[in-house]
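Visitor: One structure coming up, written as structure tokens, with questions to follow.
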Amino acid sequence: MKRLFTLTVAVFALLFSSFGQTTLSPGDLVVVNVNADGSDNFDFIPLIDLQTGTVINFTDNAWNGTSFRTGEGIKTWTAAANVSKGTVVSFSGVTGGEWTSSGSYAIANSGDNLLVYQGSAATPTFLYGVGWASASPWVFLDNANTSEIPSALTLNSTAIYLGALDNYQYNGPTSGTAAQLLDFVSNPANWVVNDAAAYSAYPNSFTITATETLVYSVNFSVTGSNGTISATVDGNAILNGADIEGGKDVVFTATPAVDYQVADWTLNTTPLSNTNTTYTLSTLAANAIVTVEFELIPTTTTYDVTFTVTDGANPIVGAAVTVGTTTVNTDATGVAVFNLIDGNYTYGVTATGYDAISSVAFSVSGANLPIAVSMSLTPVYAVTFTVTDGTNPIVGAAVTVGTTTVNTDATGVAV
């Protein structure tokens, strides 16, 4: 019965550890205390909440750019309970409780690094790094005193170089957003140093406030009158002067009055050369003043242009008068009428039996316009074909010119 109980507890612990662990990213924790003297104690503070069973490794093994240099040690912390963000977690220098050890962990006062990671040493996910106790701990020289900064970490952001002395402790602000505290801790100016004796456990927890959400005022109005303007964010209407979360898109809609159209929009007095009825201010990142102005839709007045087509005396019926791409045939009085706006045009006229007229220029300027067109008959000449067999006429011979065929008469003639 005792063995069964022990096995059950072991399996439960394994399952809890597997499913309860918090997966961290670079900068989700910070180291706030490191010592190369005394018992090599150090402290860290998570900037996010950690679940029971979360495992984090701390090693003084150097990183050569692709893998760990072996020969040093690893301190592994496993959370025995949930840990709230901002809580100090201390390694006193003595293994036990939540702390286990492998290898030979010993911080050298001639220079060393502390790399924090999750996962295996073969495929680590780096979280933070500290280098100190020498002039250049972040240059890998294939020894126990130096290391490359892993590519996942950034100096003065998720990694820090403190200086060439032995013992350092963070002494900066302890309240702010997670991002602010990460910046504070990763600034060497916020640390104190003691080259003679190790610091004891870090004394202060962090107060981590919610991430600040930036908001910006959005004002919108109509310049003049003759229409209205409205705005939405995420499909919801907003009021003029509303404070809107940064990063949002604001969609403005202009509604012109009858006979009006959008003349232009402005953003913070800058014209946008936009005559659409909508304008989208994308990824809001500053206070915004949006205006829209309306203008009358230009009216279009047309004028009658009357073509009278004659042969000089009599009207020509069915003459085709063309202006641009429009063709109108003359009526029984030889008249064709076009409705045209002001502008410059050309016309052409064709009629069966008359010489064609083309590309004649004319202008419309604020009034009806009569145009008289006189067409000339196309000259016609008789061409007489006399078909014989050399002596006698051939009757009924088919003479074709173009598409016209005429048969010769009794005298062998086709005209």
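The values are calculated or read from the model by the stated rules, or taken from the named source; none is laboratory data. Because the structure is predicted, anything quoted here is derived from the model rather than measured. Every residue, glycine as well, gets a Cβ built from its backbone with ideal geometry; the counts of neighbours run over all protein chains shown.
Visitor: Please tell me if F184 is among the aromatic types (F, W, Y), at pLDDT below 95, assigned to a loop (DSSP other than H, G, I, E, B) and surrounded by 15 or more Cβ atoms within 10 Å (Cβ to Cβ).
Guide: Working: among the aromatic types (F, W, Y): yes; at pLDDT below 95: yes; assigned to a loop (DSSP other than H, G, I, E, B): no; surrounded by 15 or more Cβ atoms within 10 Å (Cβ to Cβ): yes.
Criteria not met by F184.
Visitor: Still on this structure: Take the residues in region 62-79 that are in contact (Cβ under 8 Å) with a residue 40 or more places away in the chain and buried (at least 21 other Cβ atoms within 10 Å of the Cβ), then tell me which one is nearest to A198 (Cα to Cα).
Guide: The residue in question is A62.
Visitor: Can you name every residue in region 201-220 that is more than 21 Å from Y128 (Cα to Cα) and part of a loop (DSSP other than H, G, I, E, B)?
Guide: Answer for region 201-220, where residues must be more than 21 Å from Y128 (Cα to Cα) and part of a loop (DSSP other than H, G, I, E, B): A210, E212, T213, L214.
Visitor: Of the residues V413, V364, which single one is on the phi < 0 side of the Ramachandran plot, surrounded by 15 or more Cβ atoms within 10 Å (Cβ to Cβ), in contact with an Asp or Glu (Cβ under 6 Å, 6 or more places away or on another chain) and not small (G, A, S)?
Guide: V364
Visitor: Which one of these does S147 not meet: (1) under 22 Å from V83 (Cβ atoms); (2) touching a residue at least 40 places away in the same chain (Cβ under 8 Å)?
Guide: (1)
Visitor: Next question, about the same structure. Taking the conditions exactly as written (out of contact with any Gly (no Cβ under 9 Å at 6 or more places or on another chain), surrounded by 13 or more Cβ atoms within 10 Å (Cβ to Cβ), of a type in the set (S, T, N, Q) and modelled with pLDDT under 95), does N33 satisfy them or not?
Guide: When the stated conditions are applied, N33 does not pass them.
Visitor: Then there's this: Considering each residue of region 237-250, count those that are over 11 Å from V218 (Cα atoms) and surrounded by 16 or more Cβ atoms within 10 Å (Cβ to Cβ), and give that number.
Guide: Here the count works out to 1.
Visitor: Something else: Does region 221-264 hold any residues that are more than 30 Å from I48 (Cβ to Cβ) and assigned to a loop (DSSP other than H, G, I, E, B), and which are they?
Guide: Result: G224, S225, N226, G235, L239, N240, G241, A257, V258, D259.
Visitor: Is it the case that region 98-107 has a residue that's at pLDDT 95 or above and under 39 Å from the mean Cα position of the chain (by Cα)?
Guide: For region 98-107, residues at pLDDT 95 or above and under 39 Å from the mean Cα position of the chain (by Cα): absent.
Visitor: Select the strands (runs of 3 or more DSSP E) contained entirely in region 112-170, then report the ones holding at least 3 residues which are buried (at least 16 other Cβ atoms within 10 Å of the Cβ) and either of a type in the set (A, V, I, L, M) or not assigned by TED's automatic domain parsing to the domain that holds I45 (or both). Working first, answer last.
Guide: Working: elements: 112-118, 125-132, 159-161, 167-170.
Answer list for region 112-170: 112-118.
Visitor: A follow-up question, please. Specify the residue that is nearest to V185 (Cα to Cα); the eligible residues are those in region 45-61 that are touching a residue at least 40 places away in the same chain (Cβ under 8 Å) and outside any loop (DSSP other than H, G, I, E, B).
Guide: Narrowing region 45-61 to residues touching a residue at least 40 places away in the same chain (Cβ under 8 Å): 45-48, 55-61.
After this cut, where a residue has to be outside any loop (DSSP other than H, G, I, E, B) as well, the list is 45-46, 55-59.
Details: I45: 10, P46: 12, V55: 22, I56: 19, N57: 20, F58: 18, T59: 20 Å.
Per the criteria, the residue is I45.
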